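Quick notes on the structure that follows.
The values are calculated or read from the model by the stated rules, or taken from the named source; none is laboratory data. These numbers were taken from a predicted model, which means no experiment stands behind them. Positions of Cβ are backbone-derived with ideal geometry, glycine not excepted, and every protein chain shown enters the neighbour counts. We work out accessible area using only protein heavy atoms, side chains counted, and drop any ligands, DNA or RNA first. Shrake-Rupley method; radii C 1.70, N 1.55, O 1.52, S 1.80 Å.
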Amino acid sequence: MLGMREVVIPGVSWVVGNGQTTRFWADKWLMNTPLREDIIGPAPVGLEEARVCDLWQHGRGWLLENIVPYVAPDIRLRLTAVVVDNITGVRDRLSWGESLDGKFTVKSAYSSLMKDSTPRSNLSRMYDRVWKVIAPERVKIFLWLGVHQVIMTNMERQRRHLSETGICQVCKGGDETIIHILRDCPAMYGIWTRIIPRRKRGTFFTQTLLEWVYDNLGDSGEVDGCPWSTLYAIAVWWGWKWRCGNVFGVNGKCRDRVKFVRDQAGEVIQAHLVEGNSGKSRGRIERMVSWVKPAEGWVKLNTDGASKGNPGLASAGGILRKLDGSWIGGFAVNIGICSAPLAELWGVYYGLYIAWERKITRLELEVDSELVVGFLTTGISDSHPLSFLVRLCYGFISRDWIVRISHVYREANRLADGLANYAFSLPLGFHAFDVCPEIVYSVLVEDKNGAAYPRSIRL
Ligand SMILES: [Zn+2]
């Protein structure tokens with residue numbers, strides 16, 4: 001096939017950790033149940049004892065001859081989306097810290113985070129509320145990260161030994177947890193007491209984080225003509241923004257923050273009403289969107305992930321292009337089975353990998369998933385199931401080069417999308433292309449010529 005060569009990247013790292021404490025067959029780590037429960041035929045030797053690292057070889061990957069005879073094809077596909085990290089020295093369990101029986105499981109770590117309050121069964125309703133609130137997309141994404149408890153705090157930094165103290169640096173009066181930042185810190189407390197409706201005063205400051213978010217996003221009452229859920233979401237968002245400004249010392253002069261939050265919420269609702277009352281035509285505008293060439297001195301990387309189901313068969317792709325829009329290098333990965341955000345992150349990871357290998361010093365990275373841009377720019381805690389890959393991406397981003405990350409619409413990311421879809425037809429694994437594969441060549445030419453596609457954009 002034109003320009004294709006297969007590459008095995010040694011030690012590309014899934015950070016369950018180094019696999020030394022997780023038992024391959026006996027622990028729950030890949031699936032919701034231990035793999036031994038899904039064994040077909042006679043059991044493998046060393047069933048209880050074999051560790052994840054015992055079935056992985058650095059530079060080669062999974063020792064499939066010791067795995068494949070015992071598992072169904074879909075488990076094999078899931079394994080290919082996962083790699084063992086023997087580079088960064090991350091241990092399996094320590095980063096999770098919560099497992100009572102001393103055995104690492106993704107599920108236990110995740111549910112321990114959620115023990116905070118709301119039963120797991122309510123989480124999907126929680127997500128519904130997060131995505132339904134009338135608020136800008138970035139606010140919803142922040143709330144989503146908040147309820148996943150993946151926002152970086154001092155307590156989190158201390159736990160990771162990145163900081164000596166978990167105390168809030170703004171008030172010095174309490175542990176800097178997520179609920180402290182968003183609600184209890186005096187910096188926010190004073191604002192909340194001035195805007196919460198009287199009927200909420202009894203519960204507002206006593207709820208746990210998840211109860212608090214769930215309850216307030218689901219509140220259909222109004223405050224001065226504005227839905228409380230919107231005012232609440234906007235206040236949470238600005239509380240966080242101010243906090244970041246405060247902590248990093250870039251906040252300007254103090255203004256009337258209560259008025260500011262109210263005005264912001266009012267504008268959001270106004271825009272929403274305009275859109276709602278006048279059908280599709282007003283409040284939305286059709287824009288022509290095209291791929292944009294990189295700035296002088298920069299190389300552009302576009303990446304994308306694709307999945308058929310979530311989780312489901314998944315792939316990723318990406319390209320590096322120079323100033324005139326011509327091809328520098330590209331890739332496609334047939335991942336196996338994983339979730340949609342994981343596929344996106346694999347795209348980013350391999351894209352950074354090929355860019356670094358080509359000694360690029362200034363890179364503009366464009367991704368069409370706002371969620372993934374959020375992960376890469378807002379941060380994610382170790383406890384999140386996707387943290388291993390976000391951390392690997394950070395590992396690249398923090399090297400000695402400049403990487404700018406931005407979100408683009410799908411219409412500007414067609415070539416990466418095409419490569420990701422192409423990957424489904426390729427063998428499992430990573431495929432690098434020195435020249436553009438024929439199947440997506442027309443998209444390359446169109447992008448180069450500035451071809452634009454209409455997109456309905458919310459004002
Ligand atoms: Zn504080």
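Of all the criteria given as (1) at pLDDT below 85; (2) surrounded by 19 or more Cβ atoms within 10 Å (Cβ to Cβ), the one not satisfied by Ser220 is (2).
With the range 312-399 as the region, which strands (runs of 3 or more DSSP E) entirely inside it contain at least 2 residues that are open to solvent by 30 Å² or more (accessible area, probe 1.4 Å)?
Numbers: elements: 312-321, 327-338, 362-367.
Fully inside the range 312-399 and qualifying: 327-338.
Of the residues examined, Ile178 is one that is under 20 Å from Ile234 (Cβ atoms), among the hydrophobic types (A, V, I, L, M, F, W, C), modelled with pLDDT of 70 or more and within 16 Å of the ligand (Cβ to nearest atom). Checked against (1) in a loop (DSSP other than H, G, I, E, B); (2) crowded, with 17+ Cβ neighbours inside 10 Å, Val236 passes all but condition (1). Of all residues in the range 294-310, those satisfying the criterion of being crowded, with 17+ Cβ neighbours inside 10 Å and in contact (Cβ under 8 Å) with a residue 40 or more places away in the chain are Pro294, Trp298, Val299, Lys300, Leu301, Asn302, Thr303, Asp304, Gly305, Ala306. The set of residues from the range 423-443 being surrounded by 20 or more Cβ atoms within 10 Å (Cβ to Cβ), over 17 Å from Lys359 (Cα atoms) and in contact (Cβ under 8 Å) with a residue 60 or more places away in the chain comprises Ala423, Phe430, His431, Cys436, Pro437.
Going by what's in this entry, would Gly202 be described as surrounded by fewer than 17 Cβ atoms within 10 Å (Cβ to Cβ) and either at positive phi or touching a helix residue (DSSP H, G or I) at 6+ places or on another chain (Cβ under 8 Å) (or both)?
Numbers: surrounded by fewer than 17 Cβ atoms within 10 Å (Cβ to Cβ): yes; either at positive phi or touching a helix residue (DSSP H, G or I) at 6+ places or on another chain (Cβ under 8 Å) (or both): no.
Criteria not met by Gly202.
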